[in-house]
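Novice: I have a structure I would like to understand better, so I am pasting it below and will then ask my questions one at a time.
Each value in this text was obtained by applying a stated rule to the coordinates, not by laboratory testing. None of these values were measured; they are calculated from a predicted model. Note: ideal-geometry Cβ built from the backbone for every residue, glycine included; neighbour counts use all protein chains shown.
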Amino acid sequence: MPLDQTKIVSLIFEEVVVPANPGAINAKGADKPLHTQPLGGKASFSVQFDDIPKILLRMELENGVVGWGEFHRAANWGTIEDIAQGLLGTALCGLSLRHLAIPHCAEYDGFELAIWDAWAKCLDLPLYQLLGGKNKDKVLVTAWSGHQTVDDIGAVAKRFQDQGYRNYKFKCDLEDDVVGLCAAVAKHAPKLKITLDPNQRWQRPGEVRSRLRALEKIGNVLVLEDPVAHWRMSEYRHFRDFTSINIARHVSSADSYQGQRSHNVLNAVLHDSVDGFNFNGNLKDFQDMDTVASMADLPCWHGSGVDLGILEARYVHQAAAARSCIWASDIFGRLIRSHDLLKTPLEITPPFVQVPNGPGIGVEPDQKAIEKFRVGGKTYEWQG
């Protein structure tokens, strides 16, 4: 492949809305929105994630190579347009992949993935090779749902266990009977280990401690992720000293609204405040976070925004290359969304997903499916 013809000649953005499968998010009677950030004047946890558009990027190079990217939900069109204008006519062979001339913002990830995907294809390499090579051929993944009721969760968990999953992660706030929920899982799916994700909504440390004691007796909770607000770092340390259940911190470099940065990992390690991490970040930041976790001998898993197939393929490559990524990652494929917009889905045979070995991210987007779910889009072409 000619490496001197890598100028970006067009950037094609497709805006899509892909609904979740019926009943895949929350149980009836527990229909709680899960988008964690304010959106369009609406408060946090007031909009369901699958109602929010996602933007895909098809980036074409002068040599005919196509790189694909996927932005996190609720991406800002103004920011995307400004970055796109700055990238047109840029040659990939002159870029430093780890230091792209793009400001730190949530929209960074979509452009970065398209650039790395295209460059790996120019070199005829799978993406994980640009990350230093893979440490595993398949990545452990978890089953997932939103909020459940005590009456419903047993059947949900049993179905996941019968499919071959070892881990089950679900959302929970202070209104949920988490002790009853975990007891129901233990009864109907005794082989499953649970990750509880309150999204920082348990608020008061005393309530956390009382729940931890009861959950320890049931014995099937592996991880409690983000029980209280991240700024209460001393409480995370207290929880870790208090319980045998692993305490984890979610660090996502894309969540700039919440002040998330990769250096939060270093801060958590220095304060001895966690047993492990949920990492979600662009290719550069995830590598940095994995390096810190690996040096501290702490495990992680790859998080998710319940995304589509292009971004999930990136997650698989990142998890495969990361030494610290040994807990079950949040990679669901079509388990939750009605389509992942891939011609061939990621190969998920619970409890693992196979690492794609083709050039770049190793998956091919489905143009017919993209058109079916398309609600808008924009195209920019180089005029040089």
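Novice: Where does the chain land at 222 nm, in deg cm²/dmol rounded to the nearest 500, when only DSSP H runs of n ≥ 4 count, each adding -39500 (n - 2.57), divided by all residues?
Specialist: The helix contribution divided over the chain gives -9500 deg cm²/dmol.
Novice: To continue, here is another question. Just to confirm the filter: which trypsin sites (Lys or Arg not before Pro) across the stretch 287-348 are DSSP coil and have at most 14 other Cβ within 10 angstrom of their Cβ? Don't skip to the answer; put the middle values down first.
Specialist: Details: sites: Arg314, Arg323, Arg334, Arg337, Lys343; in loops: Arg323, Lys343.
In loop regions of the stretch 287-348 (DSSP not H, G, I, E or B), the sparsely surrounded trypsin sites (Lys or Arg not before Pro) are Lys343.
Novice: What per residue convex hull volume, in Å³, do the alpha-carbon atoms of the stretch 138-354 yield? Walk me through the numbers before you get to the answer.
Specialist: Values: hull volume 24.8 nm³, N = 217.
Each residue corresponds to 114 Å³ of Cα convex hull volume.
Novice: Rounding to the nearest 20 debye, state how big the charge dipole of the chain is about its Cα centre with +1 on each Lys and Arg Cβ and -1 on each Asp and Glu Cβ.
Specialist: The calculation lands at about 1020 debye.
Novice: Pairing the Cα long axis of helix 178-188 with the longest principal axis of the chain, what angle in degrees results, from 0 to 90 and rounded to the nearest 10?
Specialist: Approximately 90 degrees, to the nearest 10.
Novice: Treating the angle as unsigned and between 0 and 90°, give the value, to the nearest 10°, between the Cα long axis of helix 77-87 and the longest Cα principal axis of the chain.
Specialist: 40 degrees
Novice: Given the pairs Lys54/Lys191; Lys7/Lys368; Lys169/Lys343; Lys138/Lys284; Lys7/Lys54, which span a C-alpha to C-alpha distance of over 31 angstrom in this model?
Specialist: Violating the 31 Å Cα-Cα cut-off are Lys54/Lys191.
Novice: Compute, for the stretch 1-103, the length of the dipole vector about the Cα centre, with Cβ point charges of +1 (Lys, Arg) and -1 (Asp, Glu) only. Units Debye, rounded to 20.
Specialist: 380 debye
Novice: Still on this model: Which one is right for this structure if Rg and Dmax of the Cα atoms in Å is calculated from it: (1) 20.5, 67; (2) 21.1, 62; (3) 22.6, 73?
Specialist: The listed entry that was calculated here is (1).
Novice: If you don't mind, another one. Taking 0.36 nm per intervening residue step and subtracting the Cα-Cα distance, what contour gain separates Val375 from Lys343 on full extension?
Specialist: 9.6 nm
Novice: Kindly express, to the nearest 10 degrees and within the range 0 to 90, the angle between helix 283-295's C-alpha long axis and the longest C-alpha principal axis of the chain.
Specialist: Once rounded, the angle reads 40 degrees.
Novice: Out of all DSSP beta bridges in the chain, what portion is antiparallel? Express it as a percent rounded to 5.
Specialist: Working: 29 of 54 bridges.
Once the DSSP bridges in the chain are tallied, antiparallel ones form about 55 percent.
Novice: I'd like the distance between the alpha-carbon centres of the stretch 131-167 and the stretch 271-309, rounded to an integer number of Å.
Specialist: 18 Å
Novice: Which is farthest toward the positive dipole end of the chain among Gly64, Ala143, Trp301, measuring Cα position about the Cα centre, with Cβ charges +1 (Lys, Arg) and -1 (Asp, Glu)?
Specialist: The listed residue farthest towards the positive side: Ala143.
Novice: Right, another one. Which of the trypsin sites (Lys or Arg not before Pro) found in the stretch 1-90 are in a DSSP loop and have at most 15 neighbouring Cβ atoms, other than their own, within 10 Å?
Specialist: Of the trypsin sites (Lys or Arg not before Pro), the ones in loops of the stretch 1-90 whose Cβ has at most 15 other Cβ atoms within 10 Å are Lys28.
Novice: Report the longest stretch of the chain that contains none of the chymotrypsin sites (Phe, Trp or Tyr not before Pro) sitting in a DSSP loop with at most 15 other Cβ atoms within 10 Å.
Specialist: The longest uninterrupted stretch comes out as 1-230.
Novice: What FRET efficiency do you get for Asn267 and Asp177 if R0 is 30 Å and r is their Cβ-Cβ distance, rounded to the nearest 0.05?
Specialist: With a Förster radius of 30 Å, E is 0.35.
Novice: Right, something else. For the stretch 297-372, which GluC sites (Glu not before Pro) pass both filters: DSSP loop (anything but H, G, I, E, B) and at most 14 other C-beta atoms within 10 Å?
Specialist: Sparse-neighbourhood loop GluC sites (Glu not before Pro): Glu347.
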